[in-house]
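Q: First the structure, which I've put down as structure tokens, then a few questions once you've had a look.
The values are calculated or read from the model by the stated rules, or taken from the named source; none is laboratory data. Predicted, not measured: the structure shown is a model, and the values here were computed from it. Virtual Cβ from ideal backbone geometry, glycine too; neighbours counted across all protein chains shown. Accessible surface areas use protein heavy atoms only, side chains included; no ligands, DNA or RNA. Shrake-Rupley method; radii C 1.70, N 1.55, O 1.52, S 1.80 Å.
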Amino acid sequence: MHQFRIPPEQNDLPGAAFPGQVSLGWERWRDAAEKLPDAKTRAFAMELAENPNQSRLMEALFGNSPFLTQAAIKDIPFIYELFIEGPDRVYISVIKALERSCKEGIDENGLAKALRVAKGRMALTIAIADIIGAWSLDKVIKSLSDFAEAALGHAVTHLLLAMENRGAFSLPFAGDPERGSGLIVLALGKLGAGELNYSSDIDLIVLFDPTRIKTERPENLQSAFVRLTKGLVRLFDERTPDGYVFRTDLRLRPDPASTPLAVSVKAAEIYYESLGQNWERAAMIKARQVAGDREAGQAFLKMLRPF
């Protein structure tokens with residue numbers, strides 16, 4: 001018998017909104033478990049299915065969330081880790097595993113996969129901690145927001161290095177590509193406020209400061225940062241067999257109908273000083289830098305404060 005850290009006393013778990021999906025979920029679970037190469041994990045999966053207390057938690061997933069059902073069945077070894085170690089330890093391990101994979105020089109396809117696997121595992125961890133009442137609402141939304149910020153940081157680091165390799169610019173700090181890069185990624189809306197929910201889009205504004213960027217081709221900076229921004233959206237939005245990370249929305253940038261996806265800080269400053277709308281003032285109250293050059297971001301937000 002396994003010693004579960006997920007508590008078995010779960011008398012107030014949500015019932016299945018779709019009871020027919022519960023039996024289907026267990027059928028798929030057992031089929032997947034039988035194919036597991038590790039005997040210990042296979043035994044855990046079968047024990048979980050037969051344990052009345054623990055199985056109620058899985059039925060809450062199977063009967064309410066197709067996304068979490070699919071994530072759990074695809075990754076039974078992770079569910080094993082989650083039930084044995086508990087959500088607090090596993091949350092940290094998912095973040096660290098993503099950090100390690102991003103430091104190993106993986107290509108864009110590898111990064112896309114790592115981000116999507118981490119997103120599925122993070123969703124399972126946070127949802128289960130939420131369902132069993134182990135985490136407060138504040139911790140749930142903070143954990144979702146923190147993961148989104150971490151994922152953006154890893155993606156931006158990868159894309160900056162890729163653009164440097166193409167000769168678009170030179171990064172001053174090899175061990176910290178974001179630092180001194182002149183790139184500013186601001187989050188607005190729920191991510192800006194640190195209150196993402198499970199299905200939130202992330203609202204971003206991507207800016208760059210040419211005065212902080214070392215390049216031999218300054219005339220190409222605009223197109224380089226637009227290309228970087230397109231790469232960021234692709235890494236997050238594109239649906240692959242592993243799913244997607246977050247839907248991204250860039251429409252809160254200055255004058256989105258006529259400006260490129262990445263805007264220079266000077267162009268943004270001119271826009272907000274001369275044409276900025278009241279709804280943009282309200283939106284900017286939640287603006288928070290989530291990736292890129294922190295010094296450049298602080299300078300821009302300080303400039304923006306009177307607006």
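Q: So the check is Cβ under 9 Å with 6+ separation or different chains; which pairs have a first residue in the range 28-42 that's free of Cβ contacts under 8 Å to residues at least 60 places away in the same chain and a second one that's of a type in the set (A, V, I, L, M) and part of a loop (DSSP other than H, G, I, E, B)?
A: Hits for this filter: Arg42/Leu36.
Q: Now for a different question. Run Gly105 past the list (1) surrounded by fewer than 21 Cβ atoms within 10 Å (Cβ to Cβ); (2) under 29 Å from Leu221 (Cβ atoms); (3) of a type in the set (Gly, Ala, Ser); (4) touching a residue at least 12 places away in the same chain (Cβ under 8 Å) and report the number of the one that doesn't hold.
A: Every condition holds for Gly105 apart from (4).
Q: Next question. Please go through the range 157-175 and pick out each residue that is exposed (fewer than 12 other Cβ atoms within 10 Å of the Cβ) and in a loop (DSSP other than H, G, I, E, B).
A: Matches in the range 157-175: Arg166, Phe173, Ala174, Gly175.
Q: Ok, one more. Checking Gln70 against (1) more than 26 Å from Ala43 (Cβ to Cβ); (2) open to solvent by 10 Å² or more (accessible area, probe 1.4 Å); (3) among the polar types (S, T, N, Q), only one condition comes out false. Which one?
A: The number of the failed condition is (1).
Q: Still on this model: What's the number of the condition Leu144 fails, among (1) farther than 17 Å from Leu235 by Cα; (2) touching a residue at least 60 places away in the same chain (Cβ under 8 Å); (3) under 13 Å from the mean Cα position of the chain (by Cα); (4) open to solvent by less than 50 Å² (accessible area, probe 1.4 Å)?
A: (2)
Q: Under the condition of being charged (D, E, K, R) and farther than 30 Å from Ser55 by Cβ, which residue from the range 108-129 is most open to solvent (accessible area, probe 1.4 Å)? Spell out how you get there, then give the answer.
A: Start the filter on the range 108-129 by keeping residues that are charged (D, E, K, R), which leaves 108, 113, 116, 119, 121.
After this cut, where a residue has to be farther than 30 Å from Ser55 by Cβ as well, the list is 108, 113.
Numbers: Glu108: 55, Lys113: 104 Å².
By that ranking, first place goes to Lys113.
Q: Could you give me the residue pairs with C-beta distances under 8 Å whose first residue belongs to the range 204-227 and is over 18 Å from Ala268 (Cα atoms), whose second residue is polar (S, T, N, Q) wherever it lies, and which are 6+ apart or on separate chains?
A: Lys214/Ser170; Thr215/Ser170
Q: Being out of contact with any Phe, Trp or Tyr (no Cβ under 6 Å at 6 or more places or on another chain) and within 22 Å of Ala193 (Cα to Cα) is the filter here, so list the residues in the range 238-255 that pass it.
A: Arg247, Asp249, Leu250, Arg251, Leu252, Arg253
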